[in-house]
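In what follows, a structure is listed as structure tokens, so that the remarks can point back to it.
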Amino acid sequence: DEQLLTGGAQGVRAVPRPPAQVPGAPVEGSAAPDGYAPIPQWLGQTRAPVPAKEENFDVVTVAEGLMGAFSFHFLPDGRIIVGERPGRIRIVGTDGTVSAPLDGMPANLWARGQGLFEVQPDRAFSSNRTLYLTYTVLPDGADLAALPRSPGVLLVASARLSADDRRLENLKVLLNAEGTVGRLIQAPDGSLFVTSTI
């Protein structure tokens with residue numbers, strides 16, 4: 001009996017599927033320059049439409065000599081504060097000059113394959129000179145001879161940029177989180193939102 005074959009369960013309804021694509025065959029309707037045309041998961045699924053108008057732009061080099069730059073944000077005066085993954089923070093002047101690395105970085109920052117991820121000025125940086133950092137450290141008691149594949153722990157900290165723009169002062173850890181690769185953004189009310197991978 002059919003009921004015995006299905007174990008008394010409700011039957012599985014057929015779902016309309018797009019036709020199979022032949023690898024290497026030209027795909028009708030691809031508007032991408034590279035011919036990208038993914039196989040839709042359901043009928044009617046499409047890629048985002050191509051913009052009706054394209055804008056021309058120029059690529060201009062602003063600064064040179066940065067190594068492993070991972071984040072950059074504008075300071076109120078137009079300079080750029082840059083976080084380099086090996087654990088350095090530099091300030092790029094409006095004329096493109098790159099500062100020496102700031103002093104006062106956390107002594108326990110772990111930079112092998114992980115490191116410094118975010119250096120974000122506070123929304124009220126003009127008055128409080130506060131920066132927020134995300135970076136990795138090794139857990140207390142970690143065995144350097146037998147570290148796991150991704151050994152770092154993500155920390156979120158605040159610090160004050162000195163008046164002469166040369167060092168971090170009053171570093172305070174705000175969050176000891178799981179995972180690594182912390183990106184950070186500040187909401188209008190001052191709340192910090194942090195992402196990480198585990």
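For this structure, a couple of remarks:
- Screening Gly115, Gly141 for residues that are out of contact with any His (no Cβ under 9 Å at 6 or more places or on another chain), farther than 27 Å from Thr61 by Cα and not acidic (Asp, Glu) leaves exactly one candidate, Gly141.
- Among the criteria (1) within 17 Å of the chain's Cα centre (by Cα); (2) under 17 Å from Ser196 (Cβ atoms), the one Phe72 does not fulfil is (2).
- In the set (1) open to solvent by 90 Å² or more (accessible area, probe 1.4 Å); (2) at pLDDT 90 or above; (3) among the acidic types (Asp, Glu), the condition left unmet by Asp34 is number (2).
- Residue match in region 89-111 (condition: within 23 Å of the chain's Cα centre (by Cα) and at positive phi): no
Yes/no matrix, rows are residues, columns are (1) within 25 Å of Glu178 (Cβ to Cβ); (2) more than 18 Å from the chain's Cα centre (by Cα); (3) polar (S, T, N, Q):
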position: Phe125; (1), (2), (3): no, yes, no
position: Asp140; (1), (2), (3): yes, yes, no
position: Val156; (1), (2), (3): yes, no, no
position: Ser162; (1), (2), (3): no, yes, yes
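- Qualifying strands (runs of 3 or more DSSP E) (wholly inside region 72-183; at least 2 residues being open to solvent by less than 40 Å² (accessible area, probe 1.4 Å) and at pLDDT 95 or above): 80-84, 88-92, 116-121, 130-137, 153-161
- Positions within region 184-198 being open to solvent by less than 90 Å² (accessible area, probe 1.4 Å), in contact (Cβ under 8 Å) with a residue 60 or more places away in the chain and among the β-branched types (Val, Ile, Thr), in sequence order: Val194
The values are calculated or read from the model by the stated rules, or taken from the named source; none is laboratory data. Keep in mind that this is a model prediction, so the values were computed, not measured. Cβ sites come from the backbone with ideal geometry, for glycine too, and all protein chains shown count toward neighbours. The area values use the complete protein model at the heavy-atom level, side chains included, leaving out ligands, DNA and RNA. Shrake-Rupley method; radii C 1.70, N 1.55, O 1.52, S 1.80 Å.
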